[in-house]
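Novice: First the structure, which I've put down as structure tokens, then a few questions once you've had a look.
The values are calculated or read from the model by the stated rules, or taken from the named source; none is laboratory data. Computed from a predicted model, the values in this text were never measured in an experiment. Positions of Cβ are generated from backbone atoms using ideal geometry, with glycine treated the same way; all protein chains shown enter the neighbour counts. Quick note on the areas: whole protein, heavy atoms, side chains included, nothing else; ligands and nucleic acids left out. Shrake-Rupley method; radii C 1.70, N 1.55, O 1.52, S 1.80 Å.
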Amino acid sequence: MRGRWGSGGKRGRRSPTRLALPHLPLLPLLLAAGACGRGDDTLTVASKNFTESVLLGEIVAQQLERHGFHVDRRLNLGGTFICHEAMKAGQVDVYVEYTGTAHSAILGLPTVRDPARVRQEVDSIYRERWGLVWTAPLGFNNTFAMLVRREDARRLGISTLSGAVPHASDWRPGFGYEFMQREDGYRGLVDTYGFSFPMQPAVMDLGLTYRALAEGQVDIIAGNSTDGQIQALELVHLRDDKEYFPPYEAAPVVRSQVLTARPQVGAALAALGGTIDQETMRRLNRLVDVDRRDVKEVAREFLDGLGHRGRGEEEEMGEVGEGRVRR
Amino acid sequence: MAQAAIAFTGTRFAHDGRHILGPLDLMIPPGETLVLLGKSGSGKTTMLRLINALLIPTGGEVFVLGRSTRDWDPVRLRRSIGYVIQEVGLLPHLSVARNVGLVPALERWSADRIERRVAELLDLVGLPVRDFAARLPHKLSGGQRQRVGVARALAADPPILLCDEPFGAVDPVTRAELQREFRDLAKRLRKTVVFVTHDVREALVLGDRVALIEAGLVSFLGSPNDFRHSDDPAVAAFRTLL
Amino acid sequence: MSFFEFVLQNRGDVWFRTVEHLVLVGISTGAAIAIGVPLGIGISRSARLRAPVLGVANVFQTIPSLALFGFLIPVPFVGGIGARTAIVALVLYALLPIIRNTYAGIVGVDPAVREAARGMGMTDAELLRLVELPLAVPVMLAGIRVATVIGVGIATIAAAIGAGGLGVFIFQGVALVDHAVILAGAVPAALLALMLDGGLHLVERKLDWRAR
């Protein structure tokens, strides 16, 4: 029973499944609430209940609004399970999901490390089973990130996990519970790279591992690759040079019915494809998590910036809707 | 002054700038039972609290055994004064024996001596040791509690007893019995007693002298007999309560 | 795997974590008593101290545990990661009910009793030792009982800072979304809370002079 929803739960603090539990009793209510009152040009956008998902939900919502749609926001809706069920029931039209989460948590498939294959597998099963479509990936991969202090990385001259292995015998590791328990977590990492830490990892809350690392209480942690804290706390993400961690590419999932009825939705979402790389996502997360900026504002500024850049690219690509609507 | 057990000399007391008592001049010779009679709020209890230094006068002095309360160590002073108050103030978590033996224990008497003293006192107030020593106060009747209160006040054999309506909360029959016994006891032990009450009958039964207190002043002072025959309108008013 | 199967298969582990949990609660409650009772006495003596002491104890209650751990990590001596930090946090959470009930117990002593005791010539220390504290004991114990029961609950978050206890199962279970594992932490913790509550209630009744 190591759950269908379980092994793929994405990392502690922003685990999609974690906060879903308390919401379970609400689910029938939610689903029963029905599609009442939704006009033809209104789209419902949901997100999961952690900063990054809320931010991406807001970006998608504003992008659709810029394309002339009314948007009903259901941000912070719940965990993976809630969002997915709401999509299946037609209560939500779009939300941003991670390929790896869908692959392992929702579909329960064995770990695959090739991003394109994961994307292709989830998309085809989603279409066939539920009439849901994965649109273009946003451009970043939110996977486990092995993090060390920048000063350590600089002093030791390391940038990859393989490069870190010889130094690990002096390091105290600190990991979240999920990383310790998951198939694609601690054990596999040690096996793949041959790490030998001098002691058992300190197992603690994921959010606290960041503080513990920054304060020198531990020397290496497994964070989230797009976390705003990475920049804020001056940490370095050691590259997974053996491609051990499976891909968790973020992409909007949309109901195919919506795409058929309103093709501009597809165009609007496609225009977001590849626009948010890892650095950008970290920066946006940081603006909200660390600098306490308003999500709406951050999303608006991001799309504004995109508009200027996108207009130039649009000339060449020809098919992106972004520029047209903004005029 | 030397022969007075207690003396108020030009004593005043004010609290938060509000005048409450005095000026008072009053001498209480050793062995006398003086009853302070008055309505509630007249200042009688304040007088008691000035005697055992729970309050210090804001003007004038109160002399106890020849020394001003300002000069007494309050703890020493209070241990020379037996104190019986409304609702008795027995310590509810201690047995009758420990309540009675409390001041001797504070004075670090030996356990033997305390035990003997407690037995003696309980006998004196008519409570058999065997039946009562181990009981907690709330397992006693109102009258029994008052007896324990008196026994406790007498424990360290203080020369002075202060009583603040000690028999206020018991039934009339028990009350009359307690008053009679108390009077005999006080005389036999030659205690100087200051006894506060608002009950005229009680005042006349117990007092060698009665002081009528009104608005913080002594408006009448004399023997029970004088009280019965006084022309003073205030006294006459009180007398109608007889 | 069902809850019962899981507990049966991991009974050694469950037992170990339960003991660990009890130790966390025991040490932290003990320390909170050692700090909280004197503070409660202090504020019953000084009105000036009352507002700040209760205010600070109140503030501790409102700090989310993870945030508190975050603050404590860099603090020398009391902070870092592991049991010490967890115990410090648990002590801070347990202080309020203990301080408040000590204070309430003392202040709630019948004024006539206090007056009689003073009138008998008790010093401040004697009044406290012989009268106020013994009479306040039932109320103080009620505060300690509340603190202990709350402590059993809060101690589950000790696992967030690597301090062990039954919270380990809860955190693991949440990470795995496995109800059996979550329950393996939650059920023993609940039983522990009930047992301590009952036990302390008995002690309370034993020590209450009113019941004699």
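Novice: Hey, can you tell me all the residues within the stretch B:1-25 that are part of a strand (DSSP E or B), hydrophobic (A, V, I, L, M, F, W, C) and crowded, with 20+ Cβ neighbours inside 10 Å?
Specialist: B:6, B:7, B:8, B:13, B:21, B:24
Novice: Only residues that are assigned to a helix (DSSP H, G or I) and crowded, with 17+ Cβ neighbours inside 10 Å: list them for the stretch C:114-126, please. Talk me through it step by step, then tell me what you get.
Specialist: Of the stretch C:114-126, the ones assigned to a helix (DSSP H, G or I) are C:114-119, C:124-126.
Answer for the stretch C:114-126, where residues must be assigned to a helix (DSSP H, G or I) and crowded, with 17+ Cβ neighbours inside 10 Å: C:114, C:115, C:116, C:117, C:118, C:119, C:126.
Novice: Which pairs have Cβ atoms under 6 Å, sit 6 or more apart or on different chains, and link a residue in the stretch A:76-91 that is modelled with pLDDT of 85 or more to one that is polar (S, T, N, Q)?
Specialist: Filtered contacts from the stretch A:76-91: A:76/A:49.
Novice: Let me ask you something else. Of all residues in the stretch B:13-45, count the ones that are within 12 Å of the chain's Cα centre (by Cα) and of a type in the set (Val, Ile, Thr).
Specialist: Counting residues in the stretch B:13-45 that are within 12 Å of the chain's Cα centre (by Cα) and of a type in the set (Val, Ile, Thr) gives 3.
Novice: On to the next question. Is the stretch C:186-202 home to any residue that is among the charged types (D, E, K, R), open to solvent by 20 Å² or more (accessible area, probe 1.4 Å) and more than 30 Å from residue B:154 (Cβ to Cβ)?
Specialist: Filtering the stretch C:186-202 down to residues among the charged types (D, E, K, R) leaves C:197.
From the residues that got through so far, the ones that are open to solvent by 20 Å² or more (accessible area, probe 1.4 Å) too are C:197.
Remaining after also requiring more than 30 Å from residue B:154 (Cβ to Cβ): C:197.
Yes, there is a match, as at least one residue in the stretch C:186-202 is among the charged types (D, E, K, R), open to solvent by 20 Å² or more (accessible area, probe 1.4 Å) and more than 30 Å from residue B:154 (Cβ to Cβ).
Novice: For the structure I just gave you, tell me whether residue A:120 is within 18 Å of residue A:250 (Cα to Cα) and buried (at least 19 other Cβ atoms within 10 Å of the Cβ).
Specialist: For residue A:120, the condition - within 18 Å of residue A:250 (Cα to Cα) and buried (at least 19 other Cβ atoms within 10 Å of the Cβ) - is not met.
Novice: Restricted to the stretch C:46-72, and to residues that are without any contact (Cβ under 8 Å) to a residue 24 or more places away in the chain and more than 20 Å from the chain's Cα centre (by Cα), which residue is least open to solvent (accessible area, probe 1.4 Å)?
Specialist: C:70
One line per residue, one yes/no per condition, for (1) over 27 Å from residue A:232 (Cβ atoms); (2) modelled with pLDDT of 95 or more:
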position: A:102; (1), (2): yes, no
position: A:112; (1), (2): yes, no
position: A:144; (1), (2): no, no
position: A:147; (1), (2): no, yes
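Novice: Let me ask something additional. Considering only residues of the stretch C:152-162 that are within 11 Å of another protein chain (Cβ to nearest Cβ) and open to solvent by 10 Å² or more (accessible area, probe 1.4 Å), which is farthest from the chain's Cα centre (by Cα)? Break it down stepwise before answering.
Specialist: In the first step, residues of the stretch C:152-162 are kept if they are within 11 Å of another protein chain (Cβ to nearest Cβ); the result is C:157-162.
Remaining after also requiring open to solvent by 10 Å² or more (accessible area, probe 1.4 Å): C:157, C:162.
Working: C:157: 14, C:162: 20 Å.
Ranking the qualifying residues of the stretch C:152-162, first place goes to C:162.
Novice: Related question: Of the conditions (1) of a type outside the set (Lys, Arg); (2) touching a strand residue (DSSP E or B) at 6+ places or on another chain (Cβ under 8 Å); (3) closer than 25 Å to residue A:279 by Cα, residue A:132 fails just one. Which one is it?
Specialist: Condition (3) is where residue A:132 drops out.
Novice: Has the stretch A:248-263 got any residue that is in contact with a Gly (Cβ under 7 Å, 6 or more places away or on another chain) and closer than 24 Å to residue C:159 by Cα? Quick ask: steps written out before the conclusion?
Specialist: Going through the stretch A:248-263, the residues in contact with a Gly (Cβ under 7 Å, 6 or more places away or on another chain) turn out to be A:248, A:255-257, A:259.
Adding the requirement that they be closer than 24 Å to residue C:159 by Cα leaves none.
Scanning the stretch A:248-263 turns up no residue that is in contact with a Gly (Cβ under 7 Å, 6 or more places away or on another chain) and closer than 24 Å to residue C:159 by Cα.
Novice: Exactly one of these conditions fails for residue C:84: (1) under 30 Å from residue B:86 (Cβ atoms); (2) out of contact with any helix residue (DSSP H, G or I) (no Cβ under 7 Å at 6 or more places or on another chain); (3) open to solvent by 10 Å² or more (accessible area, probe 1.4 Å). Give me its number.
Specialist: (1)
Novice: Can you name every residue in the stretch A:84-111 that is touching a strand residue (DSSP E or B) at 6+ places or on another chain (Cβ under 8 Å) and hydroxyl-bearing (Ser, Thr, Tyr)?
Specialist: Hits for the stretch A:84-111 are A:95, A:98, A:99.
Novice: Please verify whether residue C:134 is at pLDDT 90 or above, within 21 Å of residue B:136 (Cα to Cα), within 14 Å of another protein chain (Cβ to nearest Cβ) and open to solvent by 10 Å² or more (accessible area, probe 1.4 Å), treating the condition exactly as stated. I'd like the intermediate steps shown before the answer.
Specialist: On the way: at pLDDT 90 or above: yes; within 21 Å of residue B:136 (Cα to Cα): yes; within 14 Å of another protein chain (Cβ to nearest Cβ): yes; open to solvent by 10 Å² or more (accessible area, probe 1.4 Å): yes.
Against the criterion (at pLDDT 90 or above, within 21 Å of residue B:136 (Cα to Cα), within 14 Å of another protein chain (Cβ to nearest Cβ) and open to solvent by 10 Å² or more (accessible area, probe 1.4 Å)), residue C:134 qualifies.
Novice: Restricting to the stretch C:170-185, and then to whatever is more than 10 Å from chain A (Cβ to nearest Cβ) and open to solvent by less than 10 Å² (accessible area, probe 1.4 Å), can you tell me which residue is farthest from residue C:102 (Cα to Cα)?
Specialist: Step by step, filter the stretch C:170-185, then rank; the result is C:184.
Novice: Residue B:39: modelled with pLDDT under 95, out of contact with any Ser or Thr (no Cβ under 6 Å at 6 or more places or on another chain) and surrounded by 22 or more Cβ atoms within 10 Å (Cβ to Cβ), yes or no?
Specialist: no
Novice: Among the numbered conditions (1) surrounded by 21 or more Cβ atoms within 10 Å (Cβ to Cβ); (2) assigned to a loop (DSSP other than H, G, I, E, B); (3) touching a residue at least 40 places away in the same chain (Cβ under 8 Å), tell me where residue B:63 comes up short.
Specialist: Here residue B:63 meets the rest and fails (2).
Novice: While we're on this one: Would you say residue A:90 is assigned to a loop (DSSP other than H, G, I, E, B) and open to solvent by 30 Å² or more (accessible area, probe 1.4 Å)? If you could, list the steps in order and put the result at the bottom.
Specialist: Numbers: assigned to a loop (DSSP other than H, G, I, E, B): yes; open to solvent by 30 Å² or more (accessible area, probe 1.4 Å): no.
Against the criterion (assigned to a loop (DSSP other than H, G, I, E, B) and open to solvent by 30 Å² or more (accessible area, probe 1.4 Å)), residue A:90 does not qualify.
Novice: Answer yes or no as to whether residue B:49 is more than 17 Å from the chain's Cα centre (by Cα), within 14 Å of chain C (Cβ to nearest Cβ) and open to solvent by 40 Å² or more (accessible area, probe 1.4 Å).
Specialist: no
Novice: Please determine whether any residue of the stretch B:71-83 is farther than 30 Å from residue C:208 by Cβ and away from chain C (no Cβ under 14 Å).
Specialist: There is at least one residue in the stretch B:71-83 that is farther than 30 Å from residue C:208 by Cβ and away from chain C (no Cβ under 14 Å).
Novice: Going by the conditions given, is residue C:111 closer than 22 Å to residue C:43 by Cβ, open to solvent by 30 Å² or more (accessible area, probe 1.4 Å), within 10 Å of another protein chain (Cβ to nearest Cβ) and touching a residue at least 24 places away in the same chain (Cβ under 8 Å)? Can you show your working first?
Specialist: On the way: closer than 22 Å to residue C:43 by Cβ: yes; open to solvent by 30 Å² or more (accessible area, probe 1.4 Å): yes; within 10 Å of another protein chain (Cβ to nearest Cβ): yes; touching a residue at least 24 places away in the same chain (Cβ under 8 Å): no.
Criteria not met by residue C:111.
Novice: Restricting to the stretch B:26-36, name every residue that is open to solvent by 50 Å² or more (accessible area, probe 1.4 Å) and among the hydrophobic types (A, V, I, L, M, F, W, C).
Specialist: Answer for the stretch B:26-36, where residues must be open to solvent by 50 Å² or more (accessible area, probe 1.4 Å) and among the hydrophobic types (A, V, I, L, M, F, W, C): just B:27.
Novice: Which of the residues spanning the stretch C:191-206 are of a type outside the set (A, V, I, L, M, F, W, C) and without any contact (Cβ under 8 Å) to a residue 12 or more places away in the chain? Show your work before the answer.
Specialist: Pass one, the stretch C:191-206, residues of a type outside the set (A, V, I, L, M, F, W, C): C:197-199, C:201, C:204-206.
Across the stretch C:191-206, the qualifying residues are C:198, C:199, C:205, C:206.
Novice: Hey, another quick one. Kindly list the number of the only condition in (1) more than 14 Å from every other protein chain (Cβ to nearest Cβ); (2) without any contact (Cβ under 8 Å) to a residue 60 or more places away in the chain; (3) of a type outside the set (Gly, Ala, Ser) that fails for residue C:41.
Specialist: Of (1) more than 14 Å from every other protein chain (Cβ to nearest Cβ); (2) without any contact (Cβ under 8 Å) to a residue 60 or more places away in the chain; (3) of a type outside the set (Gly, Ala, Ser), only one is false for residue C:41: (2).
Novice: Same structure again: Which ones in the stretch C:1-34 are of a type outside the set (Lys, Arg) and open to solvent by 80 Å² or more (accessible area, probe 1.4 Å)?
Specialist: Of everything in the stretch C:1-34, those that are of a type outside the set (Lys, Arg) and open to solvent by 80 Å² or more (accessible area, probe 1.4 Å) turn out to be C:1, C:4, C:5, C:8, C:9, C:15, C:16, C:27.
Novice: Which count do you get for residues in the stretch B:187-242 that are open to solvent by less than 20 Å² (accessible area, probe 1.4 Å), touching a strand residue (DSSP E or B) at 6+ places or on another chain (Cβ under 6 Å) and of a type in the set (D, E, K, R)?
Specialist: Within the stretch B:187-242, residues that are open to solvent by less than 20 Å² (accessible area, probe 1.4 Å), touching a strand residue (DSSP E or B) at 6+ places or on another chain (Cβ under 6 Å) and of a type in the set (D, E, K, R) number 1.
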